[in-house]
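What follows is a set of notes on a single structure, which appears directly below.
The values are calculated or read from the model by the stated rules, or taken from the named source; none is laboratory data. Since this is a predicted model, take the numbers as computed values, not measurements. As a convention, Cβ positions derive from the backbone with ideal geometry for all residues, glycine included, and neighbour counts pool all protein chains shown.
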Amino acid sequence: MRSYLILSMCILFLIQYFANIEWLGYLVVIMAILSFLASVSISTGCFPRIIGITMMVTGMILELNKGAGFEGISQGLLLILPLICLVTLAPLLSLPLKLGGYFDAVDALLRNLLHHPRQLFAGITTSLFILSPILSLGSVRIISEFLTDIKLPSAMSVKGYMIGFSTAIMWSPYFASVSLVLYYLEMPVGKYILYGIGLSFLSLIVGNILFAFWERNHPLSKSYDPKIPLNKKHRFKLFQLGFFVIVLMTTSLTIEYVTKWSMIVIVSLISLSLPIIWGTIANGWHRLSTLLKVYRDQSVMLMNNEIMLFTSAGLLAHAIQGTGFANALSEFLTILANRSFLLFAIAVMVIVLSITYVGIHQIAVVAALAMQLNPEELGITTLALAMLLLLAWSISSTLSPFSGLNLMVSRIVGISGVQTGLRANGLHLSILTFLGISIIMFIK
């Protein structure tokens, strides 16, 4: 029943986006509140539940204190609903890939690289770079399943998963981070994406260079099965996978350029349409229907924490806007930016990292900054502010022991969140921060 509520909410929101019917907007808001309550009741982990409830209650209190009342709460929820639709519907993109045998090709590629640790690490990070925009955290789970029986050192697994996945946070419009920041800054994805990809490639290059030095001092065992060359079928599937991602991104950017619609809405519509198109062209409705039932009954049901945290963090971010604290912080950062962009960038990084490190979701702090800060008053371009906020989001996702990425990787590898973030990837994050801010200073 809960999955039907969430999916109906997403469909109605998309209709409301184009129809702009007032009563339908209020209906969607009520459904969002009910979805939040349902998610809280069955969410996993006491701490996320406490954080989610705290952010939701705080957001409502702030809206009431500002005199906005239910109208302010509605506006806050309507601003975050596109992101909830994206998170809920994006997993549909993976269904054609699962049925097409593409994951088997990725598995074959990684096994083919076992005798070359540096190439294997590059394969892991590159695979996640390609798969993460489509599969989100599911990409880490899939790659880890491929490597389960290989027994890689925990340090290598942690570095590979974190570096590979965190790149997508900085560039992919199919990710909550990019879509949300650009949505609030009112910046077209087409004007940002090349710079985001540049930051992501920089992260990959730095990560692979650091791993090469690490591997020199920690040589891996070569006691693996004999190397088996990739067959033509797997090579073709890998080529198709890369082509699929390129077509997906190109289609999204083209639709955005022509229609001027929100990229979050475009991605949601593509997510809904792709399985239908694939089922029609490949005549695979029977196989697809099985996966659609699994998606409805399991995948949507497993999004409790995401829906709970995204809804509450989005409302809190909207509620903070215009408060005395937010205005004071904005004024402080504006003065700092006019004196020194470097000090401003460091302050933003410290604010995001410190707040997210104690468990507050990135959406709350980054969205609040995106809504509160004015690039013109800061004396910088919208592009520079977007790059800085997404760089901070990516680094905090790796560093915070409470982020979804850190929690998943630490659980897979069997080490603590602090070891996963700070100890295993601290040097990489420090270098990336330095290089990233330097580049942003150059283009600001």
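Values as computed for the structure displayed
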quantity: Any hit, region 55-66, residues being in contact with a Lys or Arg (Cβ under 6 Å, 6 or more places away or on another chain) and either more than 26 Å from Ile270 (Cα to Cα) or assigned to a loop (DSSP other than H, G, I, E, B) (or both); calculated: no
quantity: Of the criteria (1) hydroxyl-bearing (Ser, Thr, Tyr); (2) surrounded by fewer than 23 Cβ atoms within 10 Å (Cβ to Cβ); (3) within 17 Å of Ser273 (Cα to Cα), which one Ser94 fails; calculated: (2)
quantity: Given (1) free of Cβ contacts under 8 Å to residues at least 24 places away in the same chain; (2) assigned to a loop (DSSP other than H, G, I, E, B); (3) not small (Gly, Ala, Ser), index of the condition Met187 fails; calculated: (1)
quantity: Sole residue being touching a residue at least 24 places away in the same chain (Cβ under 8 Å), under 23 Å from the mean Cα position of the chain (by Cα) and either closer than 26 Å to Gln372 by Cα or surrounded by fewer than 20 Cβ atoms within 10 Å (Cβ to Cβ) (or both), chosen from Gly45, Gly72; calculated: Gly45
quantity: Which listed residue is under 23 Å from Gly279 (Cα atoms), aliphatic (A, V, I, L, M) and touching a Leu at 6+ places or on another chain (Cβ under 9 Å), from Leu34, Leu99; calculated: Leu99
quantity: Residues that are surrounded by 19 or more Cβ atoms within 10 Å (Cβ to Cβ) and hydrophobic (A, V, I, L, M, F, W, C), drawn from region 261-273; calculated: Met263, Ile264, Val265, Ile266, Val267, Ile270
quantity: Failed condition for Thr420, given (1) closer than 17 Å to Ile163 by Cα; (2) surrounded by fewer than 24 Cβ atoms within 10 Å (Cβ to Cβ); (3) not hydrophobic (A, V, I, L, M, F, W, C); calculated: (2)
quantity: Only listed residue being part of a helix (DSSP H, G or I), under 17 Å from Ser41 (Cα atoms) and either under 17 Å from the mean Cα position of the chain (by Cα) or not aromatic (Phe, Trp, Tyr) (or both), chosen from Leu288, Leu292, Leu309, Leu315; calculated: Leu309
quantity: Single unsatisfied condition, Arg141 versus (1) part of a helix (DSSP H, G or I); (2) surrounded by 22 or more Cβ atoms within 10 Å (Cβ to Cβ); (3) in contact (Cβ under 8 Å) with a residue 60 or more places away in the chain; calculated: (2)
quantity: Index of the failed condition, Gln362 passing every other in (1) surrounded by fewer than 24 Cβ atoms within 10 Å (Cβ to Cβ); (2) modelled with pLDDT under 90; calculated: (1)
quantity: Those residues of region 83-108 which are in contact with a Ser or Thr (Cβ under 6 Å, 6 or more places away or on another chain) and either of a type in the set (D, E, K, R) or under 19 Å from Ser252 (Cβ atoms) (or both), in sequence order; calculated: Cys85, Leu86, Leu89, Ala90, Pro91, Leu92, Leu93
quantity: Residues of region 12-42 satisfying the condition of being among the β-branched types (Val, Ile, Thr) and free of Cβ contacts under 8 Å to residues at least 12 places away in the same chain; calculated: Ile15, Ile21, Ile30
quantity: Single residue of region 402-416 satisfying the filter (surrounded by fewer than 18 Cβ atoms within 10 Å (Cβ to Cβ) and not hydrophobic (A, V, I, L, M, F, W, C)) that is nearest to the chain's Cα centre (by Cα); calculated: Arg411
quantity: Matching residues, region 113-125, being assigned to a helix (DSSP H, G or I), of a type outside the set (A, V, I, L, M, F, W, C) and either in contact with a Phe, Trp or Tyr (Cβ under 9 Å, 6 or more places away or on another chain) or at pLDDT below 80 (or both); calculated: Pro117, Arg118, Thr125
quantity: Any chance Ser271 is among the hydroxyl-bearing types (Ser, Thr, Tyr) and over 28 Å from Leu109 (Cα atoms); calculated: no
quantity: Candidates Ser340, Ser403, Ser397 - the one that is within 30 Å of Ile33 (Cα to Cα), hydroxyl-bearing (Ser, Thr, Tyr) and modelled with pLDDT of 90 or more; calculated: Ser397
quantity: Filter result (surrounded by 20 or more Cβ atoms within 10 Å (Cβ to Cβ) and in contact with a His (Cβ under 9 Å, 6 or more places away or on another chain)) within region 79-91; calculated: Ile80
quantity: Residue identified as more than 28 Å from Arg49 (Cα to Cα), in contact with a Phe, Trp or Tyr (Cβ under 7 Å, 6 or more places away or on another chain) and assigned to a helix (DSSP H, G or I) among Leu435, Leu383, Leu405, Leu429; calculated: Leu383
quantity: Every residue from region 295-306 that is touching a Ser or Thr at 6+ places or on another chain (Cβ under 7 Å) and assigned to a helix (DSSP H, G or I); calculated: Arg296, Asp297, Met301, Met303, Asn304, Asn305
quantity: Criterion violated by Leu385 - all others in (1) under 22 Å from Ser172 (Cα atoms); (2) surrounded by fewer than 18 Cβ atoms within 10 Å (Cβ to Cβ); (3) not β-branched (Val, Ile, Thr) satisfied; calculated: (2)
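One line per residue, one yes/no per condition, for (1) modelled with pLDDT of 80 or more; (2) small (Gly, Ala, Ser); (3) in a loop (DSSP other than H, G, I, E, B); (4) farther than 27 Å from Gln16 by Cα:
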residue	(1), (2), (3), (4)
Leu37	yes, no, no, no
Gly72	yes, yes, no, no
Leu79	yes, no, no, no
Pro82	yes, no, no, no
Leu86	yes, no, no, no
Leu89	yes, no, no, no
Leu92	yes, no, no, no
Leu110	yes, no, no, yes
